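The values are calculated or read from the model by the stated rules, or taken from the named source; none is laboratory data. These numbers come from a predicted model, not from an experiment. Glycine also receives a Cβ, built like all others from the backbone with ideal geometry; neighbour counts cover every protein chain displayed.
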Amino acid sequence: MLPARVCSLQERPGCGTMKFQGLRVMGNGVDKEWPAQLRDLWSGEIEWNSPMARWCTLQVGGPARAIAAPASREELQSLLGVLAQLGVCWRVIGRGSNLLVSDAGYEGVIVLLGRKFSAIETRPGRKAGEVMVRVEAGCSLMKLVNWCIDQGLQGLEFAAGIPGSVGGAVVMNAGAWGKEISDALLAVTFLRGSGEFVERAKDGLAFSYRHLKTEGMVVVAAEFLLQAGDRQAIDRRCGQMMRERKEKQPQGLANAGSFFKNPSGFPAAGKLIQDAGLKGIRVGGAQVSEVHANFLVNTGSATAQDFLDLMRLVQETVAERFGVRLEPEVHIL
Ligand SMILES: Cc1cc2nc3c(=O)[nH]c(=O)nc-3n(C[C@H](O)[C@H](O)[C@H](O)COP(=O)(O)OP(=O)(O)OC[C@H]3O[C@@H](n4cnc5c(N)ncnc54)[C@H](O)[C@@H]3O)c2cc1C
């Protein structure tokens, strides 16, 4: 593997603005031979021209030029260094459960923090019964919740059934049943644009409803403070939450969970959409779920454009009817 490079990476993921070092520069600042150069400079796992529909729970989206899956912090660090050197756009994803990627795809590198990036470690907390749990960003929330059940640790039961990664959950400040991921967090480790790892305590982080201000940094790990509890009771609580999800949410149709954020000072987005008479409405293969109006579902043949058109139809109809414009919770790429 290549040694980690210390590069000045762009602060926000996006198209590079770096100066080139001996590469032929195209009009947009990126050498068209970058895929071959990336292959030469980075030895990790890459899948070329991979449809994003495969990597997102909405099951839509055109091809990403490359999907790179670093297996360690060092591989991630060297990958971002190489991408900065080549001036190539990149975006980190977890499980793609909150993402809508356009039909045109992504002309850059999707950095996938997946199963190889999913270690869980513990150390004793300061008080009796407290345990600090450090989890890598690619770990799935369900794996973490099941591990907590096995270990008899409580504090993350609300996350049972959220199909994201730990990194995605931190960035989204994912939540349910009145709790959010930030409630159980102690600290987050990031990889900075400059190539350094930094750890920030929760107090130093700007969390809000379904949002964390990351300043373009990559979440590489999160540390939670959990409490020892009764294993069977924790299992029962998680099971109950999973059952309620099954009753209230659409099953068997691809979706990204709640599509819109709940607007402050108004009824929940799902209620507004339902009261606007939009339950069941379709654009192409995308539909407002018959079960829960804040879920937009793929009936099987949807395109990303169908979802974008349906999103706008919902936003305009709700705005006309109730005077509030719904903001998507789903990130659009
Ligand atoms: C059936 C279903 C139910 C759901 N229920 C809930 C729910 O109850 N509550 C809730 O809050 N959400 C829910 N969601 C939405 C989603 O699961 C969460 O937002 C989840 O936390 C997203 O994680 P992910 O790994 O899939 O992120 P992705 O969709 O992969 O990415 C989301 C965003 O985070 C960025 N990102 C991801 N990983 C990193 C990283 N390591 N560093 C920096 N940026 C990163 C991506 O670039 C993107 O902008 C649901 C989704 C589905 C499909």
Residue identified as of a type outside the set (A, V, I, L, M) and either in contact with a Ser or Thr (Cβ under 8 Å, 6 or more places away or on another chain) or surrounded by fewer than 15 Cβ atoms within 10 Å (Cβ to Cβ) (or both) among Gly193, Gly175: Gly193
Answer residue from the stretch 281-298, given it is within 13 Å of the ligand (Cβ to nearest atom) and not aliphatic (A, V, I, L, M) and is surrounded by the fewest Cβ atoms within 10 Å (Cβ to Cβ) among those: His292
Options Leu278, Leu226; residue that is in a loop (DSSP other than H, G, I, E, B), more than 13 Å from the ligand (Cβ to nearest atom), in contact (Cβ under 8 Å) with a residue 12 or more places away in the chain and buried (at least 17 other Cβ atoms within 10 Å of the Cβ): Leu278
Filtered residue count, the stretch 127-145, keeping only those that are more than 16 Å from the ligand (Cβ to nearest atom) and without any contact (Cβ under 8 Å) to a residue 24 or more places away in the chain: 2
Where a residue in the stretch 44-63 is in the same structural domain as Thr303 (by TED's automatic domain parsing) and its partner, wherever it lies, is at pLDDT below 95, with Cβ under 8 Å and at least six apart: none
Hits in the stretch 147-160 (condition: closer than 20 Å to Ala119 by Cα and crowded, with 16+ Cβ neighbours inside 10 Å): Trp147, Cys148, Ile149, Gln151, Gly152, Leu153, Gln154, Gly155, Leu156, Glu157, Ala159, Ala160
Residue satisfying all of: in the stretch 255-275; in contact (Cβ under 8 Å) with a residue 60 or more places away in the chain and polar (S, T, N, Q); nearest to Val318 (Cα to Cα) among these: Ser258
Meets criteria (touching a Cys at 6+ places or on another chain (Cβ under 6 Å) and part of a helix (DSSP H, G or I)) for Gly108: no
Residue match in the stretch 169-179 (condition: part of a helix (DSSP H, G or I) and over 24 Å from Arg91 (Cα atoms)): no
Yes/no for Ala302 being in contact (Cβ under 8 Å) with a residue 40 or more places away in the chain and either under 19 Å from Tyr209 (Cβ atoms) or outside the structural domain of Cys56 (by TED's automatic domain parsing) (or both): yes
Test: Gly61 is within 13 Å of the ligand (Cβ to nearest atom) and at positive phi: yes
Residue ID - nearest to the chain's Cα centre (by Cα), chosen from residues in the stretch 314-332 that are of a type in the set (A, V, I, L, M) and surrounded by 16 or more Cβ atoms within 10 Å (Cβ to Cβ): Val330
